[in-house]
Amino acid sequence: MITCRELCELLIDFVSDELPEEQRERIKQHLGKCPPCVAYFESYQITIKLTRQLPCAPMPPQLVERLRAALEEIRKEKQ
Ligand SMILES: [Zn+2]
């Protein structure tokens, strides 16, 4: 069985459907036995849902500016 730590690392791929079936099964098994990870998984899904809905709603200009600045920062760090 995978550990809680491994589950956290795999969660993003699990949620975006990018894991092979075998690993998906291991995550499901872990979630069946570990309530704290279920709670984490649920809050994770809600966060992703909210993030995806964001572009559909009109954003205040200050927020757009801040997001743009934040993205610039990330881009600089990656180079
Ligand atoms: Zn766990």
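Figures for the structure shown
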item	result
Failed item, numbered, when CYS37 is tested on (1) away from the ligand (no atom under 16 Å from the Cβ); (2) at pLDDT 85 or above; (3) under 19 Å from the mean Cα position of the chain (by Cα)	(1)
Residue pairs meeting the criteria (Cβ under 9 Å; at least 6 apart or on separate chains; first under 15 Å from GLU42 (Cα atoms), in the range 6-20; second more than 16 Å from the ligand (Cβ to nearest atom) and not in a helix (DSSP H, G or I))	LEU10/LEU19; ILE12/GLU18; ASP13/LEU19
Any hit, the range 6-23, residues being more than 13 Å from the ligand (Cβ to nearest atom) and among the small types (Gly, Ala, Ser)	yes
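The values are calculated or read from the model by the stated rules, or taken from the named source; none is laboratory data. This is a predicted model, so every value here is computed, not measured. Neighbour counts are summed over all protein chains in view; Cβ atoms, including those assigned to glycine, are modelled from backbone coordinates with ideal geometry.
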